[in-house]
Amino acid sequence: MSKVLYNGALQDSEAFGLKLPNRGLAFGDGFFETLIFTENRLRLAADHCQRMQQAAAALYLKLPEPLATPEALESTLAELAAANNLPAARLRLQLWRASGGRYTPLTESAEWLATAESFVADDSPISKVDFALKTHSIYSPLSFCKGPQAWLYVRTAHERQQRGLDEIILCDAAGYVAEAGAAAIFWMKEEVLFTPSLASGCVAGVRRAQVLRAAQAQGIACREGLYSAQDLLAADAAFTANVAAVREVQQIGNVVYKRLSNCLSDLRAC
């Protein structure tokens, strides 16, 4: 039996609790999803499954059967929520390639881990927001999914905390708005809804897709593109959206926005 050093302590590799070598640890060879289970259903299961299928294809992975369809995904994670006695759960699903090889993988098989914690919705307005100064978004073939570029969001969250902000907005290297620290960013200007395109390096959020569908169903004109910080600052109103919540932005820097309460109540439906 081989030995490993974990925080300076020698341990048997088999007793470590994680099969080694692990490609997720070694190469970040995988991705993750954050999901919400509430009211006996998995929110936006079809959207999550579609993004997972796209991420798996981009990484040359095969989704395990318990996760491969919206129905299987919901059934699998409902079991986890029930086992943890959580009627409302925030779930994290981590996938990585099975062991073997160095940079060149030897298999398309994936291993996975799902964890659950209590979920309490927070749709409260966001008051103190500003643009990131130290980190910018980076477009890549994998920037649409969650995991491969997570260090960007760790750095951005650290800056948000150090500056005492409630939320922070990432732009790309050219200065185009990409997304909030952990959510998509939207704004209204003259009754048109705007959001950055995926070319900005933003995540293809499942709630982002749902908001666009809901807006279009209400007859609201929607635009996706590359927009400057000044475009956002010139908006009439703004809000963020992720799988956990849709939240109104009250102010970015010194710019104060109008209220969007009635519109947001419709866009929150999913």
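The values are calculated or read from the model by the stated rules, or taken from the named source; none is laboratory data. Treat the numbers as computed from the prediction; the structure is a model and nothing was measured. Here the Cβ positions follow ideal geometry from the backbone for every residue, glycine too, while neighbour counts run over all protein chains shown. Side chains are part of the model used for accessible areas, which takes the heavy atoms of the whole protein and leaves out ligands, DNA and RNA. Shrake-Rupley method; radii C 1.70, N 1.55, O 1.52, S 1.80 Å.
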Sparse-neighbour loop sites [GluC sites (Glu not before Pro); the stretch 152-215; at most 10 other C-beta within 10 Å; DSSP]: E190, E191
Charge dipole magnitude, Cβ of K and R +1, D and E -1 - the chain, Cα centre, debye nearest 20: 420
Selected from A209, G225, A178, residue furthest toward positive end of dipole (the stretch 146-234; charges at beta carbon): A209
Trypsin sites (Lys or Arg not before Pro) within the stretch 17-114, DSSP loop, no more than 15 other Cβ atoms inside 10 Å: K19, R102
Neighbour count of at most 16 Cβ within 10 Å plus DSSP loop: longest chymotrypsin sites (Phe, Trp or Tyr not before Pro)-free window in the chain: 104-270
Positive minus negative residues near T135 (Lys, Arg vs Asp, Glu; Cβ under 14 Å): 0
HN-Hα J in Hz across the stretch 119-126 - Karplus 6.51, -1.76, 1.60, θ = phi - 60°, x for Gly and Pro: 10, 10, 5, 9, 9, 5, x, 9
The stretch 212-258 versus the stretch 127-195: alpha-carbon centroid distance in Å: 13
Loop-located GluC sites (Glu not before Pro) in the stretch 57-152, at most 16 other Cβ atoms within 10 Å (DSSP): E108
Virtual spin-label span in nm between E14 and W112, 7 Å along Cα→Cβ: 2.9
Dipole of the chain, positive end: most advanced residue of A46, L113, G147 [Cβ charges, Cα centre]: G147
Simple Cβ-charge dipole of the stretch 50-134, Lys/Arg +1 and Asp/Glu -1, about Cα centre, in debye nearest 20: 460
Relative contact order (%) - the stretch 128-270, alpha-carbon pairs under 8 angstrom, separation at least six: 24
Cα-centred dipole magnitude for the stretch 160-270, charges only on beta-carbon of K, R (+1) and D, E (-1), debye, nearest 20: 240
Local electrostatic count, E74, Cβ distance below 13 Å [Lys/Arg +1, Asp/Glu -1]: -3
Environment charge at E167 (Cβ cut-off 9 Å; Lys +1, Arg +1, Asp -1, Glu -1): +1
Order of exposure, largest accessible area first, which applies to I220, I169 with probe 1.4 Å: I220, I169
